[in-house]
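Engineer: One structure coming up, written as structure tokens, with questions to follow.
The values are calculated or read from the model by the stated rules, or taken from the named source; none is laboratory data. Every value quoted in this text rests on a predicted model; they were computed, and no experiment measured them. Glycine also receives a Cβ, built like all others from the backbone with ideal geometry; neighbour counts cover every protein chain displayed. What goes into the accessible areas is simple: the full protein's heavy atoms, side chains included, and nothing from ligands, DNA or RNA. Shrake-Rupley method; radii C 1.70, N 1.55, O 1.52, S 1.80 Å.
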Amino acid sequence: MSARARFQAIRSLHMNRVNSVKLSKTILAADCRQQVSQVKSEMQFLNTDLSLSSFTFLKVLHDISGLISPLFQSFRRFRASLASARQHLIIWQGTLKEIGGRFGTSVLSYFLFLKWLLKFNLFSLIVNFCFITIPQIVHAPNISSITGFRGLELLTGVGYFNQTVLFYGGYNGEVIVSKPAYNMQLAYFFTVAAYLVLCGVSLIYSMSRSFQKNFVLETGPVSGGAWRLLCSWDFSVVNAKAIQYNKNNLAIQLKVHTCSCLLHLSLHLLAWLLSLGLALGSGAGIYFLGTDPELAFSFNHDPSDLGAEASTLLLPVVVSLINLIVPLLYSLISKIESYSNPRTKIYISIVRNVILKMSILGILCFYWLNFVPNNISVGCWESFVGQSVYRLLIIDFIFCLLGIFFGEFLRNVIGTMCIQSLGVPEFDIARNVLDLIYAQTLAWIGIYFSPLLPVMQVLKLFIIFYMKKISLSMNCQPPKHTGRAAQIQTVFIALLFFPSFVGALSMVAFTVWSLKPSGQCGPFQGLDTPFHIIFNWTDSLPENHWVGWIFENILRSELFYYLISLIVLVITYFLWQITQGRKQLIKTLREGIVNVSAEIVRTSL
């Protein structure tokens with residue numbers, strides 16, 4: 001019977017109020033106890049059921065985790081193995097760590113720079129081979145007549161290689177019939193242009209990042225004369241005779257310092273005159289040797305003459321000898337200057353060697369662009385320039401190997417066994433890096449005249465890396481006096497951009513914009529200039545095509561380049577002002593540190 005029915009039955013009974021309340025309380029208490037006991041039994045059953053369910057759930061989770069845990073461990077091991085494999089795939093990773101640990105970061109900077117140049121040339125090789133060489137070989141071979149291979153072509157680049165895809169003359173300007181059509185003229189032009197643009201952007205980005213990361217504002221040395229004049233007077237002296245003695249002593253010191261400064265200045269001036277004289281003399285000798293008609297184009301008159309073919313190696317050998325001997329003379333000249341700061345000595349040596357190498361390359365470029373195109377005996381003058389650059393690279397590589405043997409190995413043998421006072425030779429970072437910059441400049445100059453020239457540069461860098469590593473381990477010691485490795489690396493990147501890359505880009509741009517291509521060979525034969533292929537291409541497009549509109553209204557507009565130049569100048573000025581503000585802030589902070597230090601010393605006394 002339910003509780004409601006029980007209450008209604010109690011109300012139906014004829015009882016007084018007190019008995020009715022007592023009866024209802026008794027019935028209600030019994031009913032509540034019954035319901036509480038029922039709820040407790042139900043809760044106990046539920047708890048038992050929940051404990052069984054949770055136990056089952058935990059058991060299932062344990063079984064699932066037992067299955068998943070090995071999968072997670074396998075995934076972690078796979079990810080760790082991928083990371084390890086990625087580290088092993090990075091070229092020369094372990095070798096570079098070993099070099100940095102044994103010889104320091106200054107020597108390591110040379111090998112990192114070499115690796116960086118290798119990436120440039122690998123990219124160039126892949127791009128040129130895929131977009132220029134393969135289409136030419138597969139669809140439109142341009143082989144007219146090839147002489148037999150005699151071996152000397154590996155040094156000279158002529159003979160057997162004349163009509164191959166190694167040089168400009170091995171390509172033609174035909175449109176390959178395919179879907180879509182493949183225009184070899186546009187492919188040749190845009191591939192070379194895109195590579196040079198990407199190199200320029202990469203160099204600017206790397207130079208700015210390196211400068212931002214490694215720039216350190218340095219305080220210049222205090223002038224000895226100013227220090228003597230302003231800080232050496234003893235104010236505790238009050239005797240007139242002693243004051244006169246101090247004045248005479250100070251005057252003598254100032255005279256001696258002035259004489260020594262004049263002597264050092266005259267020595268520096270003499271050293272610079274000798275250095276510039278050597279550079280000018282080297283450039284003049286190369287100019288007269290290159291313009292000699294009996295030597296310059298002798299091979300073109302008789303291609304079967306091995307003697308004439310070998311004579312083309314005379315100019316590269318002379319250039320390499322100059323690059324080998326003149327820097328040694330610069331080292332002897334620097335000994336008479338006696339710089340007090342080793343970093344200054346390194347930078348002066350770098351500047352002199354850059355002037356020498358860039359003057360040589362400038363003379364060669366002037367000779368190639370002014371004398372070679374106008375010479376009737378040169379059938380394909382672009383291939384002739386490519387072969388000249390090829391010979392310079394090959395001979396420079398041979399002299400580099402000879403320098404490793406004679407300059408480092410024999411020098412080590414003499415210094416350790418015969419004349420022990422000489423000691424073990426130091427690894428000349430500046431000279432070796434400048435040799436890399438010189439070779440890379442040649443590779444950039446020759447990229448238009450010899451699209452596969454990066455093949456030689458890649459092989460050369462690979463061999464030089466291992467030869468230099470072996471020679472460094474066996475024959476050399478780290479340099480005793482070097483600048484900050486990071487800052488020197490920034491200087492090397494800046495030199496690679498200017499004057500190396502800018503000069504090579506200027507030569508290629510002048511060739512494309514101003515010189516008439518050969519009428520007998522090459523992809524641009526029959527055009528006034530190679531750049532006219534762009535005009536022909538835009539004229540062939542539909543009338544309202546967006547490419548033609550951009551070329552006619554933007555790229556050919558003087559206003560566009562004026563606005564670009566103005567924006568670049570404004571941004572440059574803005575960044576220069578920020579740099580000046582940071583310099584002033586650093587100067588103020590240093591003055592504050594000095595004042596606080598002086599105040600602390602004053603209070604401690």
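Engineer: Could you work out how much longer the chain between Phe211 and Leu459 gets when fully extended? Use 0.36 nm per residue separation minus the Cα distance between them, nm to one decimal.
Structural biologist: Values: separation 248, 0.36 × 248 = 89.28 nm, distance 3.04 nm.
Net length gain for the segment: 86.2 nm.
Engineer: Given R₀ = 41 Å, FRET efficiency for Asn544-Val351 by Cβ-Cβ distance, to 0.05?
Structural biologist: 0.15
Engineer: Which order, highest average first, do 153-165, 563-575, 311-323, 90-102 follow once you tally other Cβ atoms within 10 Å for each residue and take the mean per peptide?
Structural biologist: Ranked from most to least packed, the peptides come out as 153-165, 311-323, 90-102, 563-575.
Engineer: Rounded to the nearest 20 Debye, what is the dipole magnitude of region 557-604 about its Cα centre when Lys and Arg each give +1 and Asp and Glu each give -1 at the C-beta?
Structural biologist: Charge dipole of region 557-604: 240 debye, to the nearest 20.
Engineer: Is there a pair in Lys119/Lys469; Lys119/Lys357; Lys335/Lys587; Lys115/Lys357 whose C-alpha atoms are over 27 Å apart, and which pairs would that be?
Structural biologist: Lys335/Lys587
Engineer: Find, among the GluC sites (Glu not before Pro) in region 502-605, those assigned to loop by DSSP (not H, G, I, E, B) with at most 16 other beta-carbon atoms within 10 angstrom.
Structural biologist: Glu543
Engineer: What is the distance, in nm, between label points placed 7 Å from the Cα along the Cα-to-Cβ direction at Thr416 and at His264?
Structural biologist: It is 3.8 nm.
Engineer: Right, something else. Round to a whole angstrom and tell me the spacing of the C-alpha centers of region 392-406 and region 554-605.
Structural biologist: So the separation of the two Cα centres works out to 45 Å.
Engineer: Hey, another quick one. Once you place label points 7 Å from the Cα toward the Cβ at Arg79 and Ile554, how far apart are they in nm?
Structural biologist: Here the modelled spin labels are 4.3 nm apart.
Engineer: Moving on to the next point. Give me the number: length gained by fully extending Thr344 to Leu575, i.e. 0.36 nm times residue separation minus the C-alpha to C-alpha distance, one decimal in nm.
Structural biologist: Additional length available on full extension: 80.5 nm.
Engineer: At q = 0.19, 0.29 Å⁻¹, work out log10 I(q)/I(0) for region 391-457 with the Debye formula, treating every Cα as an identical point scatterer and leaving solvent out; two decimals please.
Structural biologist: Log-scaled intensity ratios, in q order: -0.77, -1.20.
Engineer: Over all directions, how big on average is the projection of the convex hull of the alpha-carbon atoms in region 495-576, in square nanometres?
Structural biologist: In nm², the orientation-averaged hull projection of region 495-576 is 7.9.
Engineer: Express in nm, to one decimal, how much length is gained between Arg582 and Ser178 on full extension, taking 0.36 nm for each residue of separation and deducting their alpha carbon distance.
Structural biologist: 139.6 nm
Engineer: Would you mind getting the accessible area per residue of region 557-604, heavy atoms of the protein chains only, 1.4 Å probe, in Å²?
Structural biologist: 91
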